[in-house]
Every structure is written in structure tokens, then in C-alpha cells.
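The values are calculated or read from the model by the stated rules, or taken from the named source; none is laboratory data. Remember, predicted model here, so these are calculated numbers, not experimental data. Here Cβ is always computed from backbone atoms with ideal geometry, including for glycine, and neighbour counts include all displayed protein chains.
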Amino acid sequence: MHDAFLDALLDPVRPVPDAVAAHDGRQARFNVYRNNVRVSLTEALAAQFPVCRQLVGEDFFNAMTGCYIAQSLPASPLLTDYGHSLPEFIEGFAPAASVPYLADMARLELAVQAVLHAADARPLPPEQLQLLLADPERLASHKLKLSPDCALLRSAFAVGSIWLAHQGEGRLKDIQAATAENALLLRTSLSVALLRLNNADAAFMAGLLTGQPLGLALERTTQQHPQYNPANMLNCLLRQRLITGTGAAS
């Protein structure tokens with residue numbers, strides 16, 4: 001009965017379970033409850049993915065997320081945690097194929113929420129970092145600990161520019177959606193800023209974010225971008241106060 005109840009609750013096409021329908025008045029109450037659950041989950045997804053909703057329109061978004069809701073129960077009582085698997089669902093949702101960057105936009109919006117709600121972290125005092133910078137050999141063997149309120153998204157589409165246009169920065173009609181972009185997200189006060197990185201800076205940042213020592217991250221980046229100099233990226237991390245510590249590689 002439990003499984004039948006859940007299946008019917010999430011799928012409006014399914015009949016009310018017999019154990020419920022057999023009692024006077026319960027069928028009507030179940031239908032009201034079912035509608036409230038779907039509306040609540042749809043509204044939670046709309047709040048989590050506002051740009052995706054704007055890109056495809058309210059009707060398409062509601063239909064798409066209705067299919068998602070029917071097969072994806074919330075894993076947490078917090079509705080703000082709902083929808084983490086929506087990007088993968090979109091990739092397999094045939095009607096969304098006409099908006100090929102929609103899944104990556106959903107990933108970007110999830111990253112925005114993660115950055116916005118990340119724990120605060122104290123930046124590394126400049127004098128400590130200066131001591132490390134004064135010893136390049138020691139520096140190369142160390143990892144940089146980065147603040148949890150930053151994230152990197154690398155996409156085959158111009159999702160960073162599209163997201164910025166929806167925040168009032170730039171015009172959608174000027175964006176070539178099929179242009180690959182790298183987006184670095186970071187929290188500034190009570191909002192999230194997006195910086196577009198070139199491929200070399202993005203490769204270097206990806207290495208740092210996955211815990212590679214500075215020397216290894218630079219080595220792997222220069223294999224693809226031989227002339228790469230990390231100075232600008234490191235200065236950006238310092239300026240944005242994103243370095244919270246250092247540690248020797250194990």
C-alpha cells in the first residue's frame with residue numbers, strides 16, 4: 001500500500017489507491033493533497049532554476065518538471081535541496097533537445113545556490129601567503145585550500161553569458177549560445193558573481209579545486225597551454241579572498 005500511495009501521489013494519471021478510495025471523502029482529500037504536493041515541488045524547482053524556467057517558458061518548465069517529479073522523490077525534507085538530479089534528467093528528456101544548453105544551465109543554477117549558501121570561511125592572512133610565495137619550490141609542493149563559496153563550471157555552451165544576461169548584464173540576442181565558456185562563481189556579500197575564465201585559467205582552477213598541489217596543477221595546465229602564467233589567476237584568488245589555507249601534499 002505504501003508504494004501504491006507514493007506512486008499515485010506523484011503521478012496524477014494514476015488512480016487513487018483502493019485502500020484510500022474505499023472510504024467516503026478520502027478520495028477528494030487525497031486529490032487535494034496530491035495537487036498540493038506537486039504544486040509545492042514545482043514551485044521549489046522554479047525557485048531553484050529561475051533562468052531555466054525563463055528560457056523554456058512556464059508551461060514547458062512545469063510539464064518537464066512534472067515528469068521529473070513523477071520519478072524523483074525528494075531525498076531531504078528541505079525543499080531547497082530538491083532538484084540536484086534535474087540536469088541529468090534534462091539530458092535524457094527528448095523535448096528539451098531544442099535547448100541543448102538547458103542541462104548545463106541547470107548545473108550552473110545549482111552551483112549558484114551552493115555558492116550562495118556555502119559556509120563562511122576565513123581567508124588566509126596575506127603575510128602567511130607571502131612567506132610561501134617567497135619560496136617557489138615549497139610553494140609548488142603545497143595545495144591551496146579554497147573557500148567553499150566558489151565553484152567552477154566548464155561548459156560547451158555560453159551558459160555564463162546567458163545567465164549574466166538574465167541578471168541584466170548583456171543582451172541575449174548578442175550571445176552565440178554554442179560558444180564554450182568557463183564560469184567561476186563566487187559569493188560577494190549576499191549575491192553571487194560570475195567571472196568568465198579562459199581555457200587555461202579554467203584548467204588551472206580545476207586542478208586547484210580538485211586538490212592538486214600548485215606545481216602539479218601548473219604542470220598539467222602547461223601541457224595543454226604551454227605559455228600559461230598563473231599569476232593573473234592567483235592574483236584573482238587573492239583579490240577575491242578565496243584562499244583560506246595551504247597544506248603540504250601528502
Filtered residues of the stretch 213-250 (kept if within 21 Å of ALA118 (Cβ to Cβ), in contact (Cβ under 8 Å) with a residue 12 or more places away in the chain and not β-branched (Val, Ile, Thr)): MET233, CYS236, LEU237, LEU238, GLN240, ARG241, LEU242, GLY245, GLY247
Residues of the stretch 235-250 that turn out to be modelled with pLDDT of 90 or more and surrounded by fewer than 18 Cβ atoms within 10 Å (Cβ to Cβ), as a count: 3
Restricting the stretch 91-123 to residues that are in a helix (DSSP H, G or I), touching a residue at least 24 places away in the same chain (Cβ under 8 Å) and more than 14 Å from the chain's Cα centre (by Cα), the residue that is nearest to LEU237 (Cα to Cα): ALA96
Answer from GLN176, GLN223 - the residue that is polar (S, T, N, Q), at pLDDT 95 or above, assigned to a helix (DSSP H, G or I) and surrounded by fewer than 15 Cβ atoms within 10 Å (Cβ to Cβ): GLN223
Within the stretch 235-250, tally of residues that are in a helix (DSSP H, G or I) and over 14 Å from LYS145 (Cβ atoms): 3
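This table checks each residue for (1) among the hydroxyl-bearing types (Ser, Thr, Tyr); (2) outside the structural domain of LYS145 (by TED's automatic domain parsing); (3) out of contact with any His (no Cβ under 8 Å at 6 or more places or on another chain).
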| site | (1), (2), (3) |
| --- | --- |
| ASP201 | no, no, yes |
| GLY211 | no, no, yes |
| GLN223 | no, no, yes |
| TYR228 | yes, no, yes |
| MET233 | no, no, yes |
| LEU238 | no, no, yes |
| ILE243 | no, no, yes |
| THR246 | yes, no, no |
Candidates PRO126, PRO136, PRO148, filtered to the one that is in the same structural domain as ALA248 (by TED's automatic domain parsing), touching a residue at least 12 places away in the same chain (Cβ under 8 Å), under 29 Å from PRO230 (Cβ atoms) and loosely packed, with under 15 Cβ neighbours inside 10 Å: PRO126
Close pairs from the stretch 185-205: first closer than 30 Å to PRO226 by Cβ and of a type in the set (Lys, Arg), partner part of a strand (DSSP E or B) and at pLDDT 95 or above, Cβ under 9 Å, at least 6 apart: ARG196/GLU181; ARG196/ASN182; ARG196/ALA183; ARG196/LEU184
Cβ-Cβ under 7 Å pairs, at least 6 apart or on other chains, the stretch 43-60 side over 18 Å from LEU116 (Cβ atoms), far side outside any helix (DSSP H, G or I): LEU55/VAL99; VAL56/VAL99
Filter pass, VAL192 being in a helix (DSSP H, G or I) and surrounded by 12 or more Cβ atoms within 10 Å (Cβ to Cβ): no
Flag if TYR33 is in contact with a helix residue (DSSP H, G or I) (Cβ under 8 Å, 6 or more places away or on another chain), modelled with pLDDT under 95 and within 26 Å of LEU185 (Cα to Cα): no
